[in-house]
1. Identify, by number, the condition in (1) hydrophobic (A, V, I, L, M, F, W, C); (2) out of contact with any Ser or Thr (no Cβ under 6 Å at 6 or more places or on another chain); (3) over 26 Å from G43 (Cβ atoms); (4) at pLDDT 95 or above that A146 doesn't meet.
2. Here are Q80, Q49, Q99: which of them is closer than 24 Å to V209 by Cα and out of contact with any Gly (no Cβ under 7 Å at 6 or more places or on another chain)?
3. Give I112, I95 a once-over and let me know the one that is β-branched (V, I, T), touching a Leu at 6+ places or on another chain (Cβ under 7 Å) and not in a helix (DSSP H, G or I).
4. Take T128 and tell me if it is within 16 Å of G203 (Cβ to Cβ) and open to solvent by 50 Å² or more (accessible area, probe 1.4 Å).
5. Restricting attention to the stretch 84-105, which residues are buried (at least 18 other Cβ atoms within 10 Å of the Cβ) and among the hydroxyl-bearing types (S, T, Y)?
6. With (1) touching a Gly at 6+ places or on another chain (Cβ under 6 Å); (2) part of a loop (DSSP other than H, G, I, E, B); (3) small (G, A, S) as the list, and G170 as the residue in question, which single condition is left unmet?
7. Please state which of the following conditions W136 fails to meet, knowing it meets all the rest: (1) open to solvent by 50 Å² or more (accessible area, probe 1.4 Å); (2) of a type outside the set (S, T, Y); (3) touching a Pro at 6+ places or on another chain (Cβ under 6 Å).
8. Answer yes if at least one residue in the stretch 3-23 is touching a Pro at 6+ places or on another chain (Cβ under 9 Å) and open to solvent by less than 20 Å² (accessible area, probe 1.4 Å), and no otherwise.
Amino acid sequence: MSEYSLLLALNLDGAGNDPNDSALAALRAESAEFHGVSFSSDGLLDSVQRASFVAAKTQRIAVLPVIDALFTEPFHTATQLASLDIISHGRAGWILETQNDSVQADAVGRSILPEDQLSTEAADVVTTHRRLWDSWEDDAVIRDEATGRYLDATKLHYADVEGKNFSVKGPAITPRPPQGQLPIIAPAPLFTPDGLQHCRLNGADVVKVNAANLDELLAKAQTASSKGAVAIELDVYLDTAGDTGARRAAEQSVQRTPRAEFIGSVDELISFLKVRGSYRQPGRSTPTSCPPASGRSEDRRKRTA
């Protein structure tokens, strides 16, 4: 029987644009034993920049920027995420989003994509990241003073990705990340038989689900958990001494999101999370069906962390 692990992450957008405030919030989350903190760029400083600042100020907590997969250059985001993993000593991850709107598209001279193409586009983008992160072998950096060589060029490899809307030659311009392959979290609708896969080598590691209410959220999480790791999005309003979560939620009526909400005590939240934890099936701690990633050597694939 596989052991189930429940990991908790906290979104830090509420800390605002001051990186020092984000770092303070992250340190508090780290002290409270949260496993990760996430950052989006909606009306705020760039998510990777904020995550990088926080990474240098923390020691254990994972840093998870939200990055669009449609209208950002995969070569650049793969480099940014690899650098973030280096800065954090192996604590970086990627929350993938597809911001398919005209504002984002117009900014880079492109057009929005048909909804039925989002999954295949996300799959091409993820494949690009995976291959670029694998394009440097672990021991490519040699720092040989005698010959004046920083790296062994024979241990760098082309990515050679030919997507529907872009192509990337590679190799990467940064060494292989400490984790080898960073964990990728992607929304459930992007996972399709012909598009993005739920697997480690050439897909996304975690399915992200959300819903308008708790019952629907748990139902979606149960369905997705049969194939591997699941992340649920939840707005939490907890009771505190002298105040209630319900009152504070009511005060946020204008800013409340379409995500499911949990309102109640800490003990009730723990019970809720235990119910979610019971969905893990025996023997299915990781995705089991993962098609081979074309363009990778078997040797390098074995070193994927």
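The values are calculated or read from the model by the stated rules, or taken from the named source; none is laboratory data. Nothing here was measured: the structure is a model prediction, and the numbers come from that model. Note that we place each Cβ from the backbone using ideal geometry, even for glycine, and neighbour counts take in every protein chain shown. To get the accessible areas, we keep the full protein, side chains included, count just its heavy atoms, and leave off ligands, DNA and RNA. Shrake-Rupley method; radii C 1.70, N 1.55, O 1.52, S 1.80 Å.
1. Among (1) hydrophobic (A, V, I, L, M, F, W, C); (2) out of contact with any Ser or Thr (no Cβ under 6 Å at 6 or more places or on another chain); (3) over 26 Å from G43 (Cβ atoms); (4) at pLDDT 95 or above, the lone unmet condition for A146 is (4).
2. Result: Q99 is the single residue among Q80, Q49, Q99 that is closer than 24 Å to V209 by Cα and out of contact with any Gly (no Cβ under 7 Å at 6 or more places or on another chain).
3. I95 is the lone residue from the list that is β-branched (V, I, T), touching a Leu at 6+ places or on another chain (Cβ under 7 Å) and not in a helix (DSSP H, G or I).
4. Answer is no for this residue.
5. Matches in the stretch 84-105: S88, T98.
6. G170 satisfies all of (1) touching a Gly at 6+ places or on another chain (Cβ under 6 Å); (2) part of a loop (DSSP other than H, G, I, E, B); (3) small (G, A, S) except (1).
7. Result: W136 fails condition (1) only.
8. Among the residues of the stretch 3-23, not one is touching a Pro at 6+ places or on another chain (Cβ under 9 Å) and open to solvent by less than 20 Å² (accessible area, probe 1.4 Å), which makes the answer no.
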